[in-house]
């Protein structure tokens, strides 16, 4: 196993973290704050086979201005231990709205509060432990609508399955989740089982929304899509076509400077922005089909 590490401002590395997770086959990607008090953070990515540095730089620099080139970074050779678990095990409990995300190592530290919804997400290779602002932001916004349960729900690009699990536990509803990455789907199924919702959360390895699994379950009255700005724009008409009238769609994974083009795409598809979770870098948008 090898490791690549970047240091820099938190907001730059957060942007890189998302795209690094999406665009490479990293076994784990984790953002950590070093002990120094100078505002510097560190992003570690663990690989069996490190990616081509030039390709990596081209992919990430567009979305993370200020990104430090990977060309000169050394490969750090690591001993044979479970570095996926090691990278994520110290992340701690995340509270996002009424949700508590935790790993098995923190199961004895959960507060005794019946109003909170615990979700166990152990260290693995799928995006969505709740520590990234996009996942936490989706859970925050979802909490605002706890009193308005949806009946038919789609988690598009489900990653670890955390949003599908959250909706299922919050509303006691069946949820469909799809992801282009079969490994993520396998992990999401494990997470659904760990959280006692395996019978209510159906997960499929599919690309986008033009597939049999989604079409068989459509139309939906709530769609979650925590992916990237480009696919969000491209998928706007297809998502709208699979929503009921007055159906809602929650979008994340876009950066603040990409909000206008994402918003324009969904307004063109017949949707209206009705709520927004503000964030300097990672806003979360909620639209309704008009």
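Can you report the number of residues in the range 186-198 which are assigned to a helix (DSSP H, G or I) and more than 13 Å from the chain's Cα centre (by Cα)?
Here is the first cut: in the range 186-198, the residues assigned to a helix (DSSP H, G or I) are 186-194.
Those still in the list that are more than 13 Å from the chain's Cα centre (by Cα) too: 186-187, 189-194.
Number satisfying all stated conditions: 8.
Regarding the range 169-190, can at least one residue be identified that is under 20 Å from residue 104 (Cβ atoms), in contact with a helix residue (DSSP H, G or I) (Cβ under 8 Å, 6 or more places away or on another chain) and modelled with pLDDT of 95 or more?
Checking the range 169-190: not a single residue is under 20 Å from residue 104 (Cβ atoms), in contact with a helix residue (DSSP H, G or I) (Cβ under 8 Å, 6 or more places away or on another chain) and modelled with pLDDT of 95 or more.
Would you check if there is a residue in the range 266-284 being in the same structural domain as residue 142 (by TED's automatic domain parsing), part of a helix (DSSP H, G or I) and at pLDDT below 95? Steps first, please.
Keep residues of the range 266-284 that are in the same structural domain as residue 142 (by TED's automatic domain parsing), which gives 266-284.
Applying the additional criterion that residues be part of a helix (DSSP H, G or I) yields 266-268.
Narrowing the set further to residues that are at pLDDT below 95 leaves none.
No, the conditions are met nowhere in the range 266-284.
Which members of the range 159-184 meet the condition of being assigned to a loop (DSSP other than H, G, I, E, B) and without any contact (Cβ under 8 Å) to a residue 60 or more places away in the chain? Let's see the steps before the verdict.
Filtering the range 159-184 for residues assigned to a loop (DSSP other than H, G, I, E, B) gives 159-161, 172-174, 180-181.
Result: 160, 161, 172, 173, 174, 180, 181.
Do you know which residues across the range 206-218 are more than 20 Å from the chain's Cα centre (by Cα) and either part of a strand (DSSP E or B) or buried (at least 16 other Cβ atoms within 10 Å of the Cβ) (or both)? Give the steps one after another, and end with the answer.
Initially, the range 206-218 is screened for residues more than 20 Å from the chain's Cα centre (by Cα), giving 210-213, 215-218.
Result: 213, 217, 218.
For the range 158-196, how many residues meet the condition of being buried (at least 24 other Cβ atoms within 10 Å of the Cβ) and closer than 16 Å to residue 98 by Cα?
The qualifying residues number 7.
Being within 19 Å of residue 160 (Cα to Cα), modelled with pLDDT under 95 and buried (at least 18 other Cβ atoms within 10 Å of the Cβ): is that true of residue 228 here? Write out each step before concluding.
Working: within 19 Å of residue 160 (Cα to Cα): yes; modelled with pLDDT under 95: yes; buried (at least 18 other Cβ atoms within 10 Å of the Cβ): yes.
For residue 228, the condition - within 19 Å of residue 160 (Cα to Cα), modelled with pLDDT under 95 and buried (at least 18 other Cβ atoms within 10 Å of the Cβ) - is met.
What tally of residues in the range 245-265 results from selecting those that are part of a helix (DSSP H, G or I) and touching a strand residue (DSSP E or B) at 6+ places or on another chain (Cβ under 8 Å)? Give the steps one after another, and end with the answer.
Let us first name the residues in the range 245-265 that are part of a helix (DSSP H, G or I), namely 256-265.
This time we only want the ones that are touching a strand residue (DSSP E or B) at 6+ places or on another chain (Cβ under 8 Å), so: 259, 262-263.
The number of residues fulfilling the criteria is 3.
Go through (1) over 23 Å from residue 233 (Cβ atoms); (2) assigned to a helix (DSSP H, G or I); (3) out of contact with any helix residue (DSSP H, G or I) (no Cβ under 7 Å at 6 or more places or on another chain); (4) touching a residue at least 12 places away in the same chain (Cβ under 8 Å) and name the single condition residue 151 misses.
All conditions are met except number (2).
If I filter the range 240-260 down to residues being over 20 Å from the mean Cα position of the chain (by Cα) and surrounded by fewer than 19 Cβ atoms within 10 Å (Cβ to Cβ), which single residue comes out as farthest from residue 210 (Cα to Cα)?
Initially, the range 240-260 is screened for residues over 20 Å from the mean Cα position of the chain (by Cα), giving 240-247, 260.
Keeping just the survivors that are surrounded by fewer than 19 Cβ atoms within 10 Å (Cβ to Cβ) gives 241, 244-246, 260.
Numbers: 241: 10, 244: 16, 245: 19, 246: 21, 260: 25 Å.
The selected residue is 260.
Please work out if residue 230 is within 18 Å of the chain's Cα centre (by Cα), on the phi > 0 side of the Ramachandran plot and outside any strand (DSSP E or B).
Values: within 18 Å of the chain's Cα centre (by Cα): yes; on the phi > 0 side of the Ramachandran plot: no; outside any strand (DSSP E or B): yes.
No: the conditions fail for residue 230.
The values are calculated or read from the model by the stated rules, or taken from the named source; none is laboratory data. Remember, predicted model here, so these are calculated numbers, not experimental data. A quick note on method: Cβ atoms are made from the backbone with ideal geometry, for glycine too, and the neighbour counts reach across all protein chains shown.
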